[in-house]
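Presented below is the structure to which this report refers.
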Amino acid sequence: MMSMGNVHLHVGMRKLKSVLAVFIGFCIWQVIRLVVPGLEIHPIYIYIYGIIEMRETSEKTIDFGKRRIKATFTALLIGLPTLLLSVYLQSLASVEAVRIGIELVMILVGILVVLCIAEMVGCKNFCGLAAAILVILLVSHTDEEPMVYALLRSSQTVIGVAVAWLINVKWFPFYGEKKIPVEELNPDIIEEIK
């Protein structure tokens with residue numbers, strides 16, 4: 001254990017599981033790259049969601065993972081048609097400023113729609129995530145294959161959550177510290193605490 005003033009640094013299981021999630025995500029992505037060789041080497045969204053979903057307990061990983069997946073699919077449900085419409089409308093415009101304006105309007109309308117639908121389907125605290133994923137789908141793509149790129153980005157989210165679930169729920173589950181009721185403690189220990 002390293003100490004920096006009053007802060008004691010240690011490498012615990014959760015940190016190690018986060019590193020393992022990134023490594024496994026990298027390996028999975030390299031297998032996918034064998035089929036689709038043009039993909040980037042590092043799957044940033046697998047890394048991000050593999051780390052984020054490494055929750056304090058296995059139950060939280062399951063609960064938050066389900067909500068994150070629901071938010072992702074909500075964003076896809078709204079994002080893919082919005083992306084198609086945006087690309088189509090932009091193709092009709094001959095002026096760059098008009099294309100940018102169309103894209104901005106589609107982003108703003110898409111955000112509003114996805115926030116409303118995410119709330120309706122019970123994404124709870126993950127409505128903002130659904131909107132963020134929608135934005136990523138709409139603006140973070142190549143001109144050649146925007147739909148494929150959007151699906152790949154969303155699949156990275158699902159893979160990252162699945163890797164975290166595999167590690168934190170199946171391989172190395174942690175259900176929290178068991179709390180011992182005060183009445184079960186040794187009376188001598190209770191005296192020392194007082």
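The values are calculated or read from the model by the stated rules, or taken from the named source; none is laboratory data. In this text, all values refer to a predicted model and were calculated from it rather than measured experimentally. Positions of Cβ are generated from backbone atoms using ideal geometry, with glycine treated the same way; all protein chains shown enter the neighbour counts.
Cβ-Cβ distances below 8 Å connect the following pairs, each with a first residue in the range 161-174 that is more than 17 Å from V19 (Cβ to Cβ) and surrounded by fewer than 22 Cβ atoms within 10 Å (Cβ to Cβ), a second residue that is among the β-branched types (V, I, T) and modelled with pLDDT under 95, and a separation of six or more residues or different chains: V169/T61; V169/I62. Looking at L84, L9, L112, just one residue is of a type outside the set (G, A, S), over 19 Å from the mean Cα position of the chain (by Cα) and farther than 20 Å from L138 by Cβ, and that residue is L9.
Condition check ((1) closer than 19 Å to F172 by Cα; (2) touching a residue at least 60 places away in the same chain (Cβ under 8 Å); (3) outside any helix (DSSP H, G or I)) across all residues:
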position	(1), (2), (3)
A21	yes, yes, no
V31	no, no, no
E56	yes, yes, yes
T61	yes, yes, no
T72	no, yes, no
A75	no, yes, no
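Picking from residues in the range 92-129 that are touching a residue at least 24 places away in the same chain (Cβ under 8 Å) and not in a helix (DSSP H, G or I), the one that is surrounded by the fewest Cβ atoms within 10 Å (Cβ to Cβ) is G122.
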